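Let me begin by presenting the structure, written as structure tokens, before commenting on it.
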Ligand code: 13P
């Protein structure tokens, strides 16, 4: 392990008021989103779509890193440049999702455990050769009737910590992603409670496994009420609940926290991140930024629809959402940005 190098990369991932793009949908998830947008579900369509993303001029103004998936890290742009190289040409660090997905957990109905530790050391060595500078592993925590269980939270926390330790051994900065899902009708307080318990457990395991906190990034959910909750909260209530929960659980040594969007619209995710940064920036020990997938990509995918002729309009929409996210990181996102010509 090279602590100085890990620190440097982790700081680079959250530098300059920029954030990250998750473009690491597994093949089944990419196919599901393509089907909904009327796009053919095949490898060439996935390659062409990711090509559209990495070829968007100006994306480097908004992103320090982009998370690829196994299929994509091995593919090339139409011009014959590998995806990691294409990202680096825009000063965007390439990362790689290394988990093998959340699977049903034995003896824990309705709960999931993430798999992917088998052979991970060897896969990390290969991804490093392919140009990856950081990695991602996602654990899923579901809120429901008498769940999450302690067993599910602790096991997912241990797997995240074992993954993070292996990444640091290989010289890759681990993105540690324990996602408390938005599904359900629970209220804001319940999400805050579950997120706090989860993050406490995750950091206990990270410390036990000797993970260098300065050389990792946390990727949590924002604290929000369930999507079916009758009482939706204001952006400032969500910002306060999220920041409060993070202050109670995330050590100051961690350089950055990069939120997932989790099914929030681009506008919602940006308004809430912006509320956190405008109200609390300067009082927080870590950077608060974004590692969105849907909240940056969705309009571009809907516009593209698999047609070459739609690439310029899709790239414009992608850049717009990325610029909105950057403004949110600066605490300066406003709804008016959605109509302004400047950011389009
Ligand atoms: P969303 O922003 O769409 O939630 O995706 C983030 C992510 O990387 C999930 O693993």
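The values are calculated or read from the model by the stated rules, or taken from the named source; none is laboratory data. All of these numbers come straight from a predicted model, not from anything done at the bench. All Cβ positions, glycine included, derive from the backbone under ideal geometry; neighbour counts span all protein chains shown.
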Residue in region 171-197 that is farthest from the chain's Cα centre (by Cα), counting only those that are buried (at least 20 other Cβ atoms within 10 Å of the Cβ) and over 20 Å from residue 233 (Cβ atoms): 172
So residue 61, is it under 21 Å from the mean Cα position of the chain (by Cα) and within 15 Å of the ligand (Cβ to nearest atom): no
Selection count, region 121-146, where residues are in a strand (DSSP E or B) and surrounded by fewer than 16 Cβ atoms within 10 Å (Cβ to Cβ): 1
Lone unmet requirement of (1) surrounded by fewer than 22 Cβ atoms within 10 Å (Cβ to Cβ); (2) within 13 Å of the ligand (Cβ to nearest atom) for residue 264: (1)
In region 100-114, the residues that are out of contact with any helix residue (DSSP H, G or I) (no Cβ under 7 Å at 6 or more places or on another chain) and closer than 28 Å to residue 72 by Cβ: 100, 101, 102, 103, 104, 112
Near pairs, Cβ below 6 angstrom, 6+ apart or cross-chain, from region 122-149 (at positive phi) to any residue that is within 16 Å of the ligand (Cβ to nearest atom): 131/94
Failed item in (1) in contact with a strand residue (DSSP E or B) (Cβ under 6 Å, 6 or more places away or on another chain); (2) away from the ligand (no atom under 16 Å from the Cβ); (3) over 24 Å from residue 323 (Cβ atoms), with residue 84 passing the rest: (3)
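Looking at the structure I just gave you, is residue 206 crowded, with 24+ Cβ neighbours inside 10 Å, more than 16 Å from the ligand (Cβ to nearest atom) and closer than 22 Å to residue 295 by Cα? First the steps, then the outcome.
Working: crowded, with 24+ Cβ neighbours inside 10 Å: yes; more than 16 Å from the ligand (Cβ to nearest atom): yes; closer than 22 Å to residue 295 by Cα: no.
Spelling it out, it is not the case that residue 206 is crowded, with 24+ Cβ neighbours inside 10 Å, more than 16 Å from the ligand (Cβ to nearest atom) and closer than 22 Å to residue 295 by Cα.
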Test: residue 272 is over 16 Å from residue 21 (Cβ atoms) and within 16 Å of the ligand (Cβ to nearest atom): yes
Residue among 252, 155, 258 that is at pLDDT 95 or above, away from the ligand (no atom under 16 Å from the Cβ) and under 16 Å from residue 289 (Cα atoms): 252
Candidate set: region 276-305, residues that are crowded, with 23+ Cβ neighbours inside 10 Å and away from the ligand (no atom under 14 Å from the Cβ); chosen: the one nearest to residue 318 (Cα to Cα): 304
Residue within region 197-208 that is touching a strand residue (DSSP E or B) at 6+ places or on another chain (Cβ under 8 Å) and within 24 Å of residue 64 (Cα to Cα) present: no
Odd one out for residue 178 among (1) under 28 Å from residue 2 (Cα atoms); (2) assigned to a helix (DSSP H, G or I); (3) touching a helix residue (DSSP H, G or I) at 6+ places or on another chain (Cβ under 8 Å): (2)
Close pairs from region 17-36: first within 17 Å of residue 217 (Cα to Cα), partner in a helix (DSSP H, G or I) and near the ligand (Cβ under 9 Å from one of its atoms), Cβ under 6 Å, at least 6 apart: 21/296
